[in-house]
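Presented below is the structure to which this report refers.
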Amino acid sequence: MSNSNTLADSIVTALAGHGVQRMFGIPGGGSSLDLIDAARDHGIDFVLARTEVAAALMAAVTGELTGSPGVVLAGVGPGAASIVNGIAYAHLERAPLLLFTDGPAASLHQSFDQNALFVPISKYQGRLRPGDGRAGIEAAIEVALAPPWGPVHLDLTAADASTQVAEFDLTSSMISSDPAAANNVEAVDAELARELLAGCSRPVIIAGLESRYGDAPAALRMLADALACPVLPTYKAKGVLPDSHPGTIGTFTGAVGESESIDRADLIVLYGLDPVELIPQPWQYDAPILDIFPHSRSEPPVPPAARVIGPLAEAVRRVLPATTQSVWTQDEIAELRKRARALLRCSGDGHTTQSVVELAGQVAPPTCRATVDAGAHMFSALSSWQSETAFGVLKSNGLSTMGYALPAAIASCLEEPERTVVAFTGDGGLMMCLGELKTAVEHNCRIVIVVLNDSALSLIDIKQQRQQRASVGVRYPSTDFAGIAQALGCPSWQVDSHDDLTPAMTAAFAHAGPALIDVTVDSSGYGDQLAALRG
Ligand SMILES: Cc1ncc(C[n+]2csc(CCOP(=O)(O)OP(=O)(O)O)c2C)c(N)n1
């Protein structure tokens, strides 16, 4: 480790103190090179991505998985401009992230107000200077990790990065990585909450993204078992109560698909549900709401009857009544679960997304994590994949960006190299991050990439059809993804509609590195499925 004490060293020392193990990005010729050098001296890896967006997605997912800030570097001008979608992801999915951009530029060439670019999609924008030293970077980290987590943008010039700064204190003050652990339970509504829980007869729990951390999943199970009621996790929270748990009915999105069980409820318990997770439409339920949430900086979707703010597990312990009046029966819950699944069934000729994902679930190792892209395939993929733990599935929900599944899978593999990941993606989504196949090959990530190929932007195709417009701009000639993968050094299989998929799936999961299956799927059932879900 070098004894030099530049601003770049100071930054990297602070990052290491907060548990950062790798940074992502595409460097420009400025301060990113100083940060990469300093990082190497401090044992922090630099992962070169092929696009800035993918780099930011990888960093943000790393932040979500570890609770340490994700770190991404980008060059001045076009580098900063290109990264916007990944920063928007961190903003709308509550991922802690630090973005360092080269600059600001001293000349007009490549130059614009980079801080201003990130105003709507980050919690803080500024420029780090030598005078800020260690305190400046610690403050930025604190902002990213303050609830709700999110991105911070810092401009850094090469001249500033390489300037010597005052000696810093190496004993880092670790900030808690559990967003829920930051505050104590506010007792204001706890008594009322206990009364609501004790007095209701048909409670329903909706669990959101904040329920993924620490002991919140275990406390959810305790609450669900005590109330013996249906539980609906959001997409981000899928697995917080295992999908195999008899109380788990299906996914909550805020649309009509899940309304049957919630319509019957006389109390709706929101457990770590962040409004950013809901599709924007008016709240459609009359039952009173008990909102249990780790901090007071996000408002529930409608005014609650009672609100308990604080670490979720602690809040559950405070409000759990000694006895409840719940009248739900196991049979009734099982019937609701069956009907919710039937609604999501997607028929077709040959392979469908549902049949492909079900087969992957049978062949994959039990600890396999799934990542899912945005598109029509997403509904079947999420409903057909069983998740038994928090973060068992990674998905972009608040932003719902395409080009996500592969970068998210790479981030997962770098963090947990022994854990296989299956990345379910549409052809359109994979096109947006194709170069990252090479990143996966370079790092020998254990990812099975399953391309649900229908040669169309099907989700948009469906919407176009529902608006009775002509079919223009949503379909394209088929792409040989298997051929592209081979050229990038990734073993691959092309499976047509009526070919047997099992041999390819088995071989792909047996491969100790990235492998791609390009399977032609029948997308004709997507339209009815979407209508059933969203009305
Ligand atoms: C980066 C980005 N661009 C555009 C969209 C809007 N969008 C949502 S789904 C979709 C089509 C997805 O097509 P594909 O990946 O092939 O999946 P499919 O719908 O066919 O299953 C589009 C264009 C988006 N969510 N993200």
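The values are calculated or read from the model by the stated rules, or taken from the named source; none is laboratory data. Keep in mind that what you see is a predicted model, and the values were worked out from it rather than measured. Cβ placement follows ideal geometry from the backbone for every residue including glycine, while neighbour counts extend to all protein chains displayed. SASA here: full protein model, heavy atoms, side chains in, ligands and nucleic acids out. Shrake-Rupley method; radii C 1.70, N 1.55, O 1.52, S 1.80 Å.
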Scan the helices (runs of 4 or more DSSP H) fully inside the stretch 308-366 and keep the ones with 3 or more residues being over 19 Å from A504 (Cβ atoms).
312-319, 330-344
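Filter the stretch 107-154 down to the residues that are of a type in the set (D, E, K, R) and farther than 28 Å from Y213 by Cα, then identify the one that is least open to solvent (accessible area, probe 1.4 Å).
Filtering the stretch 107-154 down to residues of a type in the set (D, E, K, R) leaves 113, 123, 127, 129, 132, 134, 138, 142.
Those still in the list that are farther than 28 Å from Y213 by Cα too: 113, 127, 129, 132, 134.
Values: D113: 101, R127: 82, R129: 118, D132: 62, R134: 30 Å².
Only one residue tops the list, namely R134.
Just to be sure before I move on: is D102 of a type in the set (D, E) and surrounded by fewer than 19 Cβ atoms within 10 Å (Cβ to Cβ) in the structure I sent?
Values: of a type in the set (D, E): yes; surrounded by fewer than 19 Cβ atoms within 10 Å (Cβ to Cβ): no.
No.
To keep it simple, each residue is scored yes or no on (1) β-branched (V, I, T); (2) in contact with a strand residue (DSSP E or B) (Cβ under 7 Å, 6 or more places away or on another chain); (3) within 15 Å of the ligand (Cβ to nearest atom).
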site: S380; (1), (2), (3): no, no, yes
site: D427; (1), (2), (3): no, yes, yes
site: A440; (1), (2), (3): no, yes, no
site: V448; (1), (2), (3): yes, yes, no
site: N453; (1), (2), (3): no, yes, yes
site: R466; (1), (2), (3): no, no, yes
If M378 meets every condition in (1) assigned to a loop (DSSP other than H, G, I, E, B); (2) open to solvent by 10 Å² or more (accessible area, probe 1.4 Å) apart from one, which number is that one?
(1)
In the stretch 255-272, which residues are within 18 Å of C200 (Cβ to Cβ), touching a Ser or Thr at 6+ places or on another chain (Cβ under 8 Å) and in a loop (DSSP other than H, G, I, E, B)?
D266
If M402 passes every condition in (1) open to solvent by 20 Å² or more (accessible area, probe 1.4 Å); (2) more than 9 Å from the ligand (Cβ to nearest atom); (3) within 17 Å of the chain's Cα centre (by Cα) but one, which one does it miss?
(2)
Do we find a residue being among the hydroxyl-bearing types (S, T, Y), crowded, with 19+ Cβ neighbours inside 10 Å and not in a helix (DSSP H, G or I) anywhere in the stretch 4-27?
yes
For T389, the lone unmet condition from (1) within 11 Å of the ligand (Cβ to nearest atom); (2) among the β-branched types (V, I, T); (3) closer than 20 Å to G208 by Cβ is (1)
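Taking the options A305, A374, A370, A342, name whichever one is more than 16 Å from the ligand (Cβ to nearest atom) and either touching a residue at least 12 places away in the same chain (Cβ under 8 Å) or over 30 Å from V519 (Cβ atoms) (or both). First the steps, then the outcome.
On the way: A374 fails: more than 16 Å from the ligand (Cβ to nearest atom); A370 fails: more than 16 Å from the ligand (Cβ to nearest atom); A342 fails: either touching a residue at least 12 places away in the same chain (Cβ under 8 Å) or over 30 Å from V519 (Cβ atoms) (or both).
Every option except A305 fails the conditions.
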Restricting to the stretch 76-93, name every residue that is in a loop (DSSP other than H, G, I, E, B) and either surrounded by fewer than 24 Cβ atoms within 10 Å (Cβ to Cβ) or acidic (D, E) (or both).
G77, E93
Scan of the stretch 430-462 for residues that are more than 16 Å from G375 (Cα to Cα), of a type in the set (S, T, N, Q) and surrounded by fewer than 22 Cβ atoms within 10 Å (Cβ to Cβ), ordered by number:
N444
All but one of (1) within 16 Å of the ligand (Cβ to nearest atom); (2) in contact with a Leu (Cβ under 6 Å, 6 or more places away or on another chain); (3) in a loop (DSSP other than H, G, I, E, B) hold for A408; state the number of the condition that does not hold.
(3)
Scan the stretch 493-530 for residues that are open to solvent by less than 60 Å² (accessible area, probe 1.4 Å) and without any contact (Cβ under 8 Å) to a residue 60 or more places away in the chain and jot them down.
A504, A507
Working carefully through the options P301, P311, find the one that is under 24 Å from the mean Cα position of the chain (by Cα), more than 30 Å from P282 (Cβ to Cβ) and open to solvent by 20 Å² or more (accessible area, probe 1.4 Å).
P311
